[in-house]
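This report refers to the structure that appears directly beneath it.
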Amino acid sequence: KPGPDGKYTVTMIPGDGIGPEIAASVEAIFKEAKVPITWEPVDVTPSLINGKTTLPADAVASINKNLVALKGPLATPVGKGHQSMNLTLRRTFELFANVRPCKSVQGYKTPYENVDTVLIRENTEGEYSGIEHEIVPGVVQSIKLITKPASERVIRYAFEYAKSVNKPEVRVVHKASIMKLSDGLFVETAKEVGKEYPDIKLSFELLDNTSLKLCADPSEYKSLVMVMPNLYGDIMSDLSSGLIGGLGLTPSGNMGNKVSIFEAVHGSAPDIAGKGLANPTALLLSSCMMLRHMELNSHADKIENAVLKTIASGPENRTRDLKGTSTTSHFTEQVIKNL
Ligand code: ATP
Ligand code: MG
């Protein structure tokens, strides 16, 4: 809800690596576009409390109060006992569905035209459960945990999402031919949930086949929503990114029942951090997803159109990952001009 000044307060997590540079770009563009948002910046540098990676209490309080956050990439601290901060955030706020759309950027040519895919990644368990042990030296075990409740809520989310964007089909991507029990449960759960949505077609596809078909001809995937276990979603979203021009372009939303956190699909890009080379587009498009979630659609359209216009305006206005020569700040200035 907006405050007395008509503005919404949103938590901003600038993050690590290129995070602060791309977050600054979003802030500058939002200011010029007069988006009615006040940012509440928080630091999520983790601390190890009783051997567990723990988020700072004020960051948790800010997100619980504002319900919406925009987040830059977080590097996973190296060292024993530290868990991925991204995982910690997803678990803390029960962000069970990760929505990753991938749409061709008109004006940036790739071998494929009119790519328009969306995948929903189970965000809390599967191969990311973090249960690994060494049985004896040279033999380790990693547990892929799949539960019916977590499968059910992400699959139901996929149906609801399909309904809301008028896509007639939900496709479950899996490997139940090999992972008979775990992926099998995911598939069986989808069949059950699907009965509640008679107007939406439910289909199933093996992960390897989806990989082959997506990069041979992605057009089939325009009219459906993919949903899949955690690791498959991680891999397939990078594959989808590749179809449209790379990680600099793809946004995402981590959705829960209460809180949602929007972020770029890419990581902290330590190789280019601090050099003014980062492409802020992925975070900008994530911020547009966020604005639409907040029903500030006209602001989202205005910013998205300015970003796409800037990319299409030529290599001098594109960052290096898109075969251009622009710096992050020059790109940002051009987007502001195109608002
Ligand atoms: P992490 O462990 O944080 O996920 P990673 O090793 O998976 O990091 P990314 O940070 O996602 O890697 O980066 C992969 C490659 O893509 C790097 O070469 C990086 O420079 C490039 N890259 C990622 N994001 C961007 C961006 N926004 N702009 C330009 N290049 C990017
Ligand atoms: Mg990565």
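Quick one: with all protein chains in place, what share of the accessible area of the chain is carbon or sulfur, to the nearest percent (1.4 Å probe)?
56 percent
For a distance above 22 Å, tell me the whole-number percent of Cα pairs in region 1-109 that qualify.
Pairs farther apart than 22 Å: 43 percent.
What are the extents of the Cα atoms of region 190-267 along their three principal axes, in Å, largest first?
38, 37, 21
Need one number for the chain: average projected area of the convex hull over its C-alpha atoms, nm².
18.1 nm²
If we count GluC sites (Glu not before Pro) as exposed when they sit in a DSSP loop and have at most 11 other beta carbons within 10 Å, what is the longest stretch of the chain that avoids them all?
Looking at the chain, 1-112 is the longest stretch - no exposed GluC sites (Glu not before Pro) with at most 11 other Cβ atoms within 10 Å.
Counting each DSSP H run of 4 or more residues in the chain as -39500 (n - 2.57), what helix-only mean residue ellipticity at 222 nm follows after dividing by all residues, to the nearest 500 deg cm²/dmol?
-11500 deg cm²/dmol
According to the Cα gyration tensor, what semi-axes, each the square root of 5 times an eigenvalue, does the equivalent ellipsoid of region 102-186 have, listed from largest to smallest in whole Å?
For region 102-186, the ellipsoid semi-axes come out as 33, 19, 11 Å.
Counting only heavy atoms of the protein chains, get the accessible area per residue of the chain (1.4 Å probe) and round it to a whole Å² value.
Counting only protein heavy atoms, the per-residue value for the chain is 45 Å².
Give me the accessible area of Arg156, 1.4 Å probe, in Å² rounded to the nearest 10.
70 Å²
So, counting K/R as plus one and D/E as minus one, what does the shell of residues with Cβ under 10 Å around Ala176 add up to?
Every neighbour counted, the sum reads 0.
Within the set of other residues whose C-beta is less than 12 Å from the C-beta of Ser25, count the net charge using Lys and Arg as +1 and Asp and Glu as -1.
-3
Treating region 48-148 as a set of equal point scatterers at the Cα positions, no solvent, please give the Debye-formula log₁₀ I(q)/I(0) at q = 0.21 Å⁻¹.
Debye output, listed in q order: -1.21.
Of Lys31/Lys163; Lys258/Lys309; Lys191/Lys302; Lys167/Lys275; Lys148/Lys258; Lys71/Lys201, which pairs sit farther than 29 Å apart, going by alpha carbon to alpha carbon?
Where the Cα-Cα span goes over 29 Å, the pairs concerned are Lys31/Lys163; Lys258/Lys309; Lys191/Lys302; Lys167/Lys275; Lys71/Lys201.
Quick one: of the DSSP bridges fully inside the chain, what percent are antiparallel, nearest 5?
For the chain, the DSSP antiparallel bridge percentage is about 50.
If you take every residue apart from Val42 with its C-beta less than 12 Å away from the C-beta of Val42, what net charge results, scoring Lys and Arg +1 and Asp and Glu -1?
Net charge in that neighbourhood comes out at -1.
Quick one: grab Rg to one decimal and Dmax as a whole number for region 161-313, Cα atoms only, in Å.
Over region 161-313's Cα set, Rg and Dmax evaluate to 17.4, 52 Å.
The values are calculated or read from the model by the stated rules, or taken from the named source; none is laboratory data. Predicted, not measured: the structure shown is a model, and the values here were computed from it. Virtual Cβ from ideal backbone geometry, glycine too; neighbours counted across all protein chains shown. Side chains included, ligands, DNA and RNA excluded: accessible areas come from the protein's heavy atoms. Shrake-Rupley method; radii C 1.70, N 1.55, O 1.52, S 1.80 Å.
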